[in-house]
Amino acid sequence: MTKADIVRILAEQVGLTRREAADTLSVVLDGVVEAIRDGEKVELRGFGSFRSRRRQARQGRNPRTGEQVQVPPKAVPYFKPGKQLREILGAK
C-alpha cells in the first residue's frame, strides 16, 4: 500500500476530495515525524507505537575493501506493533 492508496481510501470513505485527503494525511504524517524527532513516543492504540531508538557507535567493515571503519552513533525509527495488530497477524 502506498501513500496514494491511503489518500484514495481516505477520500472515498470520509467524503473528501483527493487534495483534501492528501493534505490531511500530510499533516498527520508530519506530526508523527516531528514528535519522533523530538524524542516523543507516538502511540496509536490497537495499531502500534513509533519512537526513536539510539544506536551506539560501533566498529563496522567496508564490504568492498574489508577495511574497518568507525560507525558513528545515530537515532533510528522503531515501530512496535500493538496487541490488536499482533493478534490479527497471528504473531505472538
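Which angle from 0 to 90°, rounded to the nearest 10, does the C-alpha axis of helix 3-14 make with the longest principal axis of the chain? Its long axis makes an angle of about 30 degrees. Tell me, what does the Kirkwood hydrodynamic radius of the chain come to in angstroms if you use every pair of distinct C-alpha atoms? With all distinct Cα pairs of the chain included, I get 16.3 Å.
For the chain, averaging the sequence separation of C-alpha pairs within contact (under 8 Å, six or more residues apart) and dividing by the residue count gives a relative contact order of 20 percent. To the nearest 10 degrees, how steep is helix 18-37 against the longest Cα principal axis of the chain, on a 0 to 90 scale? Tilt of helix 18-37: around 40 degrees. To the nearest 10 square angstrom, how much accessible area does L16 have with a 1.4 angstrom probe? It works out to around 60 Å².
Split the accessible area of the range 28-92 by element, probe 1.4 Å, and carbon with sulfur accounts for 52%.
Pairwise Cα separations in the range 44-92 fall into 5 Å bins from 0 onward with the following percentages, short to long: 5, 18, 14, 13, 12, 11, 10, 11, 6, 1.
The values are calculated or read from the model by the stated rules, or taken from the named source; none is laboratory data. Note that the coordinates shown come from a computational prediction; the quantities given were computed from them, not determined experimentally. These accessible areas exclude ligands, DNA and RNA; they are computed on the full protein's heavy atoms, side chains included. Shrake-Rupley method; radii C 1.70, N 1.55, O 1.52, S 1.80 Å.
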